[in-house]
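Reviewing the structure listed below.
The values are calculated or read from the model by the stated rules, or taken from the named source; none is laboratory data. Just so you know, these numbers come straight off a predicted model, no measurement behind them. With ideal geometry, Cβ positions are generated from the backbone for all residues, glycine too; neighbour counts draw on all protein chains shown.
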Amino acid sequence: MRPADEGAVPAALGYRMPAEWAPHRGTWLSWPHKQASWPGKFAPIPAIFARMVAELAPHEEVHINVAGPDMESDARDAIAAAGAPLAAVRFHHIPTNDAWCRDHGPIFIQRQHDGRRDQAIVDWGFNAWGGKYPPFDLDDVVPSRIAAELGLPVFHPGIVMEGGSLDVNGLGTLLTTESCLLNPNRNPGLDRAAIERRLTEYLGVRHILWLGDGIEGDDTDGHVDDLSRFTDARTIVTVVEEDPSDANYEPLRENRDRLGGMRDQDGEPFRIVTLPMPRRLEHEGQRLPASYANFYIANGVVLLPTYDPRTDDIARRTLQDLFPTRRVIGIDCTDLVWGLGAFHCVSQQWPAL
């Protein structure tokens, strides 16, 4: 790991965070092992991860954090059983507390410098969504450990932030939520202006858009990747609930209204496209945060979590129209979401140079 330029923030050095649809070198995952994250239902989870690898590996490298040789062997067996090309899979002996790589993994940033493209990693602080699920010491150092393996400079903003709490359009605009970033369980000493300053300094954005509350059952306090996502620089897809009696109806309606009044970094309105919400999904009496917005964009494919035959195909066709050069693949996530997340929550893109 090379130290970042002393005293300089990434934006001042020309770095920015690329959009998720920009070409990838690969995808990072952390292999699932914490059974308490899927209490009583862990058995099918490794196979779901293996299916993800099988869909991603023909298009890009897949890098997987494992605790050591035994976990690597188990992961290899599951991935081979799913028919994935193992030649595209790389294992890294970086132990984690849990599998939610979107939130504890590295955020890659890039710049053009001296005729070449450079890459670096931002290592935000991680406190397991406001201290909800200790311990989180291993997860907190994952980005710096990856930077050390890759020989990349690493920047430490010194505040708590999760990858699922933000989305960028690659041209300077970032989308987030008040319910998460302004929650006192993250950065109680920072107000909105201070948080915006860190985002602009470390991700190279200059225009920040704020939505309100998240969906029922989301233990992250309202991550934006369950609500609204950029699908290109000028298009935002957002989930809506049609049933006025559902707890998600009002917050999603308010977020949709906010989006309608938002403008991009150049003052232009966005095209807003809606996705349905699946049926109410519960397990052991707990509402689960099932959302079609938790898709993952990769080279050639989009992985879509599916939950409900009545709305799955609407979501798939909507995203297929938005990603005409990629194949949208729906995979049943009714088991995965018992861990309170889906495909976007467990993945982190590694942009190509």
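Can you name the condition, by its number, that residue 219 falls short on among (1) in a loop (DSSP other than H, G, I, E, B); (2) among the charged types (D, E, K, R); (3) over 23 Å from the mean Cα position of the chain (by Cα)?
Evaluating residue 219 over (1) in a loop (DSSP other than H, G, I, E, B); (2) among the charged types (D, E, K, R); (3) over 23 Å from the mean Cα position of the chain (by Cα) leaves (3) as the failure.
From the list 79, 146, pick out the single residue that is under 30 Å from residue 231 (Cβ atoms), out of contact with any helix residue (DSSP H, G or I) (no Cβ under 8 Å at 6 or more places or on another chain), aliphatic (A, V, I, L, M) and part of a helix (DSSP H, G or I).
Numbers: 79 fails: out of contact with any helix residue (DSSP H, G or I) (no Cβ under 8 Å at 6 or more places or on another chain).
So the residue among 79, 146 that is under 30 Å from residue 231 (Cβ atoms), out of contact with any helix residue (DSSP H, G or I) (no Cβ under 8 Å at 6 or more places or on another chain), aliphatic (A, V, I, L, M) and part of a helix (DSSP H, G or I) is 146.
Go over the candidates 139, 98 one by one and state the one that is crowded, with 18+ Cβ neighbours inside 10 Å and not in a helix (DSSP H, G or I).
Details: 139 fails: not in a helix (DSSP H, G or I).
None of the others qualify; the one that does is 98.
Which one is nearest to residue 57 (Cα to Cα) among residues in the range 262-299 that are buried (at least 19 other Cβ atoms within 10 Å of the Cβ) and hydroxyl-bearing (Ser, Thr, Tyr)?
Among them, the one singled out is 296.
Cβ contacts < 9 Å: first residue closer than 14 Å to residue 169 by Cα, restricted to the range 255-280; second residue part of a loop (DSSP other than H, G, I, E, B) and among the β-branched types (Val, Ile, Thr), any location; separation 6+ or different chain. Result?
Listed by first residue and then by second, the contacts come to 265/205.
Could you identify the single residue in 227, 281, 288 that is closer than 30 Å to residue 18 by Cβ and in contact with a Ser or Thr (Cβ under 9 Å, 6 or more places away or on another chain)? Outline the logic, then answer.
Details: 281 fails: closer than 30 Å to residue 18 by Cβ; 288 fails: closer than 30 Å to residue 18 by Cβ.
Answer to the selection: 227.
Find the residue count for the range 211-226, including only residues that are among the hydrophobic types (A, V, I, L, M, F, W, C) and under 17 Å from residue 280 (Cβ atoms). Outline the logic, then answer.
Taking the range 211-226 as the starting set, the residues that turn out to be among the hydrophobic types (A, V, I, L, M, F, W, C) are 211, 215, 224.
Filter once more, so that each one left must be under 17 Å from residue 280 (Cβ atoms): 215.
So the answer is 1.
Say whether the condition of being free of Cβ contacts under 8 Å to residues at least 12 places away in the same chain and among the aromatic types (Phe, Trp, Tyr) is met by at least one residue in the range 229-238. Don't jump to the end; show me each part of the working.
The first filter runs over the range 229-238 and keeps only residues free of Cβ contacts under 8 Å to residues at least 12 places away in the same chain, leaving none.
No, because not a single residue in the range 229-238 is free of Cβ contacts under 8 Å to residues at least 12 places away in the same chain and among the aromatic types (Phe, Trp, Tyr).
Going by the conditions given, is residue 121 within 15 Å of residue 348 (Cα to Cα), touching a Lys or Arg at 6+ places or on another chain (Cβ under 7 Å), outside any helix (DSSP H, G or I) and of a type in the set (Val, Ile, Thr)?
Considered against the rule, which asks whether it is within 15 Å of residue 348 (Cα to Cα), touching a Lys or Arg at 6+ places or on another chain (Cβ under 7 Å), outside any helix (DSSP H, G or I) and of a type in the set (Val, Ile, Thr), residue 121 comes out as no.
Just name the residue that is nearest to residue 111 (Cα to Cα) out of those in the range 141-173 that are in contact with a His (Cβ under 6 Å, 6 or more places away or on another chain) and of a type in the set (Gly, Ala, Ser).
That would be 172.
Answer yes or no as to whether residue 114 is more than 26 Å from residue 195 (Cβ to Cβ), acidic (Asp, Glu) and modelled with pLDDT under 95. Lay out the reasoning, then the answer.
Values: more than 26 Å from residue 195 (Cβ to Cβ): yes; acidic (Asp, Glu): yes; modelled with pLDDT under 95: yes.
Judged against the criteria, residue 114 is a match.
I'm trying to understand the selection: among the residues of the range 227-261, which are surrounded by fewer than 18 Cβ atoms within 10 Å (Cβ to Cβ) and part of a loop (DSSP other than H, G, I, E, B)?
234, 242, 243, 244, 245, 246, 247, 261, listed by residue number.
Considering every residue within the range 65-80, establish whether at least one is under 18 Å from the mean Cα position of the chain (by Cα) and of a type in the set (S, T, N, Q).
So far as the range 65-80 goes, yes, one or more of its residues are under 18 Å from the mean Cα position of the chain (by Cα) and of a type in the set (S, T, N, Q).
Residues being in a strand (DSSP E or B) and either under 18 Å from residue 102 (Cβ atoms) or not small (Gly, Ala, Ser) (or both): count how many of those fall in the range 313-353. Break it down into steps so the answer makes sense when it comes.
Narrowing the range 313-353 to residues in a strand (DSSP E or B): 327-332, 348-351.
With either under 18 Å from residue 102 (Cβ atoms) or not small (Gly, Ala, Ser) (or both) added as a condition, the list becomes 327-329, 331-332, 348-351.
Residues flagged as in a strand (DSSP E or B) and either under 18 Å from residue 102 (Cβ atoms) or not small (Gly, Ala, Ser) (or both) within the range 313-353 amount to 9.
With of a type in the set (Lys, Arg) and crowded, with 19+ Cβ neighbours inside 10 Å as the only criterion, which of 76, 51 stands out? Reasoning before the result, please.
On the way: 76 fails: crowded, with 19+ Cβ neighbours inside 10 Å.
Answer to the check: 51.
State which residue is farthest from the chain's Cα centre (by Cα) when the search covers only the range 291-301 and only residues that are assigned to a loop (DSSP other than H, G, I, E, B) and in contact (Cβ under 8 Å) with a residue 60 or more places away in the chain.
In the first step, residues of the range 291-301 are kept if they are assigned to a loop (DSSP other than H, G, I, E, B); the result is 291-295, 298-300.
Filter once more, keeping what is in contact (Cβ under 8 Å) with a residue 60 or more places away in the chain: 291, 293-295, 298-300.
Values: 291: 13, 293: 11, 294: 8, 295: 9, 298: 12, 299: 16, 300: 18 Å.
So, considering only residues that are assigned to a loop (DSSP other than H, G, I, E, B) and in contact (Cβ under 8 Å) with a residue 60 or more places away in the chain, the one farthest from the chain's Cα centre (by Cα) is 300.
For residue 189, indicate whether it is of a type in the set (Gly, Ala, Ser), more than 24 Å from residue 305 (Cβ to Cβ) and buried (at least 23 other Cβ atoms within 10 Å of the Cβ). So that I can check it myself, show each step before the final result.
Numbers: of a type in the set (Gly, Ala, Ser): yes; more than 24 Å from residue 305 (Cβ to Cβ): yes; buried (at least 23 other Cβ atoms within 10 Å of the Cβ): no.
Against the criterion (of a type in the set (Gly, Ala, Ser), more than 24 Å from residue 305 (Cβ to Cβ) and buried (at least 23 other Cβ atoms within 10 Å of the Cβ)), residue 189 does not qualify.
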